[in-house]
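Before any comments, here is the structure.
Readers should treat all values here as calculations from the given coordinates under stated rules, not as data from a laboratory. Note that the coordinates shown come from a computational prediction; the quantities given were computed from them, not determined experimentally. Here Cβ is always computed from backbone atoms with ideal geometry, including for glycine, and neighbour counts include all displayed protein chains.
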Amino acid sequence: MRAPFGLTLIFLNVLLEQLGLPLPAVPTLVVAGAVAANGQLPLAAVFALAVGASFIGDSSWYLAGRTYGVRVMKLLCRISLTPDTCVSQTQASFERWGARALVAAKFIPGLSMIAPPLAGATHMRFARFAVFSVAGSALWVAAALAAGILLREQVARLLPRLSGIGGTVVILILVLLAAYIGFKWWERKRFYAALEMARIDVDELYRRMQGDTAPVIVDVRSATAQELERRRIPGALAVPVQEVERHVRSLPRDREIILYCSCPNEASAAQAAKLLQRNGFRLVRPLRGGLEAWIAAGYAVEELPASAASAASEALTAPPLR
């Protein structure tokens, strides 16, 4: 079985995928594992180059997050094909596992792209980031290469057939890639359509806060999001979106409830509002533009209590569980 590609292509494929291009590297690594098992490629070199490319990509996003902070996170969430993962699962994973989330990130769609800049934005030490990033990359690459080694006979039978219809295979791959991107984009549109509901803008909220019966304002940002932006709307209750259901009984049903977050399209706030509506709440609306719009309008903010602001920081810097 002749190698269909060289080490340079493997390196570039992994690097470009980790930088965010929709060029899946797992199929390349699986084939590389099969080819290496038959002596056509040096397995150790394939492994080292793939792990190195993955770490370069992760480090680039880490440095971007460290330099530009929450702006990089918002950009990635806006262009992500999996916005539900971007909005909730990534931050929840970091709060639960800290740096260890980087080890599993490569195996979870959406988390792989968001985890490195989030680590940088929360000022995780680079040495700590590097250890867990390399460990995660090594496991991911090893799993793909091992799959190729186990399937080497099937791959060996398949490659000659594919090489015989070369141009057709390229077109088929491009069509499948376009179909995958189209499907994920449709999922993205459906996700946001499901969260479509009436919003309240910051000026109207400010006027209502000055009235006799002020609305209840709920900050549904995660602890990590609060670490990235330590200001909040005065008097807001801190109830992370993952915990809203646990607090249903403590929220008033006879007052308007305004929820805000710091994510694109108010996704977390809208998710929380939908949940409250399913539990019988009627006077529930997300804040259009979230905390960013409130701050941009020049309205008053207050600093988070030290205990709340430090929660995410403690989770991210805690040593591994034993």
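Computed 3J(HN,Hα) for region 229-237, one whole-Hz value per residue from the Karplus formula 6.51 cos²θ - 1.76 cosθ + 1.60 where θ = phi - 60°, is 9, 8, 9, 8, 5, x, x, 5, 7, glycine and proline marked x.
Averaging 1/r over every pair of different alpha carbons in region 1-67 and inverting the result gives a Kirkwood radius of 12.3 Å. Counting charges near S112 (Lys, Arg +1; Asp, Glu -1) among other residues having Cβ under 10 Å from its Cβ returns a value of -1. Remark: S59, S250 ranked as S250, S59, counting other beta-carbon atoms within 10 Å and listing the fewest first.
Annotation: amide H of V218 within the under-5 Å range of L237, I258, L259, Y260, sequence separation 5 or more or interchain, hydrogens built in the peptide plane.
Based on C-alpha pairs under 8 angstrom that are at least 6 apart in sequence, region 202-317 has a relative contact order of 33 percent.
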